[in-house]
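Taking it in order: structure first as structure tokens, then the write-up.
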Amino acid sequence: MDATTKRIVDFTETAAWSDLPPAAIHAAKARFLDSLGVALAAFGAPPVRILRELAPGVFGPWSARIWGSGVRTTPDMAALVSGSMVRYLDLNDAYRTLDASHPSDNLPGVLAVAEALGCTGRDFILALAISYEIQCRFTDTVPFNEAGWDQPLVGAMAAAMATGKLMQLTTEQLGHAVALAIVPHMPTYQTRAGELSMWKGCAGPNGARHGIFAAQMAGAGLTGPYNAFEGVFGIWKQALGKPGSFSLPGLGGAGKVRGLQQTNIKKYAVRDSCQLPIDTALDLRAKLDPGAIAALRVETYKSAYAGAVADPELWKPATRETADHSMPFSIAAALCDGDVTPASFEDGRFADADVLGLIQRMKVDVVEEFSKQTPAIRNCRITATLKDGGTVIAHRQLTQATIEQGMPDRDVEAKFERLTRPLLSKDMRRRVIDGAWSLDETADMRAAVDLTLL
């Protein structure tokens with residue numbers, strides 16, 4: 001195996017439960033609860049219904065249940081269906097530094113494998129930590145979006161390693177699993193360009209599906225392409241056009257913050273770079289009457305502009321998938337309604353005249369100083385020019401340090417309660433919450449999957 005593959009395999013093999021500090025373990029449980037809440041709220045979503053109908057029924061030891069329905073299928077297909085539930089509302093956690101990814105896209109897939117193998121809660125959390133760490137460190141150092149590649153490029157590899165750890169694959173098998181996960185699965189960024197389709201919410205979970213199947217194939221003895229990263233047509237040449245690398249130190253180390261602790265648990269059902277603009281818009285709304293706004297100037301940083309502003313479709317969304325990636329819509333909806341919720345999209349607010357009218361009076365600029373401060377500090381400044389000629393300004397910052405402090409447990413629970421209240425009884429909601437916080441004490445993850453059922 002080439003040097004990059006060896007680094008990934010060595011990291012996976014040496015990762016141990018003892019490497020995880022209490023804060024990382026707690027973060028894993030919070031992300032399980034958060035992912036489950038956003039998933040169940042999307043159980044009836046159109047793409048989820050389509051994928052459920054496509055999932056084959058499977059009986060036998062290598063099977064896992066689809067969240068919500070409990071229907072048994074293969075673990076890789078369960079990863080796609082349940083993962084798409086997690087992703088549909090764009091309300092699952094996100095990680096943004098050099099590029100962006102959604103590490104919890106892999107969480108249902110890791111759980112599906114843990115269920116199929118009858119693993120413990122600690123096994124599951126360690127495998128999840130491996131998946132998160134690979135995705136976060138790759139996102140820190142490889143500009144794959146800028147090169148035209150989508151986040152499942154790293155998600156598939158991370159899922160393969162998490163699965164390989166649970167399956168106890170050999171060193172050689174893990175190397176082949178890496179190759180089988182990434183070389184046949186190089187997804188382009190067209191998924192998130194222009195008008196967005198249903199596939200936007202399925203792409204990451206499909207990476208998990210592919211990674212699980214790659215590990216399964218490697219475990220059965222299938223060999224993958226050699227020199228997957230550093231070969232003449234390897235990942236570095238194809239994705240970057242030049243030699244590349246990414247840092248992947250082990251999970252251990254005093255004082256080290258792990259990927260599990262670094263992702264942003266969202267408040268609003270929009271892409272990560274639209275979270276701060278909504279908070280800023282709500283601050284502005286508290287200072288004025290939205291009906292008095294004559295013009296808006298929004299100041300942001302380069303990567304947020306590129307993903308949430310630059311495409312013309314984001315200024316007049318025609319699909320909910322485009323709208324939840326649109327900074328202009330997010331700001332306009334927050335100012336008009338005082339909140340942005342999943343109902344904002346299901347009700348088609350992105351097509352309403354008042355929202356579109358405010359978007360038409362909006363200008364978004366990139367501020368060089370803001371761009372230089374990312375990812376450690378993210379800025380958003382909104383200046384409203386009023387019809388009487390006055391101006392009102394709101395400016396907010398979000399730091400990576402604040403994200404790493406994590407959403408308070410009470411807020412994670414409140415988000416779960418809010419999303420699942422129409423679906424689960426009060427007693428069942430309490431049972432799920434208690435089960436999530438005791439995940440590391442679970443002897444068999446099949447009991448944890450019971451918590452995902454409606």
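Global size of the stretch 105-173: 12.8, 40 Å for Rg and Dmax (C-alpha atoms, Rg to one decimal, Dmax whole).
Treating r as the C-beta distance of Ser247 and Arg297 and R0 as 22 Å, the FRET efficiency rounds to 0.05. When all alpha carbon pairs of the stretch 123-270 are counted in 10 Å bins from zero, the resulting P(r) reads 12, 38, 37, 12, 1 %.
Compactness of the stretch 21-100 was expressed as the Cα radius of gyration divided by 2.2 N^0.38 Å, which yields 1.22. In this rough spin-label picture, where each label sits 7 Å from Cα along the Cβ direction, the Ser425-Ser371 distance is 5.7 nm. Radius of gyration (Cα atoms) of the stretch 1-62, expressed as a multiple of 2.2 N^0.38 Å: 1.73. Phi-derived couplings, Karplus 6.51 cos²θ - 1.76 cosθ + 1.60 at θ = phi - 60°, listed residue by residue for the stretch 378-390: 10, 10, 9, 10, 10, 10, 9, 9, 8, 5, 8, x, x Hz, with x used for Gly and Pro. Extension gain for Ala286 to Tyr226 (0.36 nm times residue separation, less C-alpha to C-alpha distance): 15.8 nm. Rolling a 1.4 Å probe over the heavy atoms of the protein chains gives the chain an accessible area of 37 Å² per residue.
For the stretch 44-156, the Kirkwood estimate of the hydrodynamic radius, built from every pair of different alpha carbons, is 14.8 Å.
In the P(r) worked out for the stretch 382-454, what percent of Cα pairs fall beyond 18 Å? In whole percent, the share of Cα-Cα pairs in the stretch 382-454 beyond 18 Å is 61. Remark: the stretch 212-227, residue by residue, has Karplus-estimated 3J(HN,Hα) of 5, 5, 4, 5, 5, 5, 4, x, 7, x, 6, 8, x, x, 7, 6 Hz, where x stands for each Gly or Pro and the curve is 6.51 cos²θ - 1.76 cosθ + 1.60 at θ = phi - 60°. Angle, helix 171-182 long axis vs. longest principal axis of the chain, Cα atoms, 0 to 90°, nearest 10? That works out to roughly 40 degrees.
The modelled label-to-label distance for the pair Glu172/Asp411, using points 7 Å beyond Cα in the direction of Cβ, is 5.0 nm.
Available extension along the chain between Arg49 and Ser438 is 137.0 nm, counting 0.36 nm per residue and deducting the alpha carbon span. Each listed q (0.06, 0.07, 0.08 Å⁻¹) maps to a log10 I(q)/I(0) for the chain, found by the Debye formula over equal Cα scatterers with no solvent: -0.24, -0.33, -0.43.
For the stretch 312-388, the convex hull drawn through the C-alpha positions has a volume of 120 cubic angstrom per residue. Between Ala3 and Glu146, the FRET efficiency from the beta-carbon distance, with R0 = 30 Å, is close to 0.80. Annotation: amide H-H contacts under 5 Å for Leu386 (H modelled 1.01 Å from N, sequence separation of 5 or more, or interchain): Ala294, Thr391, Val392. 3J(HN,Hα) couplings calculated from phi for the stretch 341-356 with the Karplus curve 6.51 cos²θ - 1.76 cosθ + 1.60 (θ = phi - 60°) are, in sequence order, 10, x, 5, 4, 8, 5, 7, x, 4, 5, 9, 7, 4, 5, 5, 4 Hz; Gly and Pro show x. When the stretch 77-234 is described by a simple charge dipole with +1 on each Lys and Arg Cβ and -1 on each Asp and Glu Cβ, the residue from Ala127, Val81, Tyr95 located farthest towards its positive end is Val81. Label point of Arg446 set 7 angstrom out along Cα-Cβ; within the stretch 107-134, amide nitrogens under 13 Å from it belong to 114-120.
Can you show me the helix-derived [θ] at 222 nm for the chain, built from DSSP H runs with n ≥ 4 at -39,500 (n - 2.57) apiece and divided by the number of residues, rounded to the nearest 500.
Details: 21 runs with 224 residues, N = 454.
Calculated mean residue ellipticity at 222 nm is -15000 deg cm²/dmol.
Computed over the Cα atoms of the stretch 289-447, pair by distinct pair, the Kirkwood hydrodynamic radius stands at 18.4 angstrom. The modelled label-to-label distance for the pair Ala318/Thr402, using points 7 Å beyond Cα in the direction of Cβ, is 3.7 nm. Nonpolar atom fraction for the chain, defined as the carbon and sulfur part of the 1.4 Å probe accessible area, stands at 54 percent. When the Cα positions of Asn206, Ala269, Ala160 are compared along the charge dipole of the chain, Ala269 comes out farthest toward the positive end, with charges on each C-beta of Lys, Arg, Asp and Glu. Close amide H contacts of Met362 (hydrogens built in the peptide plane, cut-off under 5 Å, sequence separation of 5 or more or a different chain): Leu296.
The values are calculated or read from the model by the stated rules, or taken from the named source; none is laboratory data. None of the values given here were measured: they were computed from a predicted structure. Every residue, glycine as well, gets a Cβ built from its backbone with ideal geometry; the counts of neighbours run over all protein chains shown. Ligands, DNA and RNA are excluded from the accessible area calculation, which covers all protein heavy atoms including side chains. Shrake-Rupley method; radii C 1.70, N 1.55, O 1.52, S 1.80 Å.
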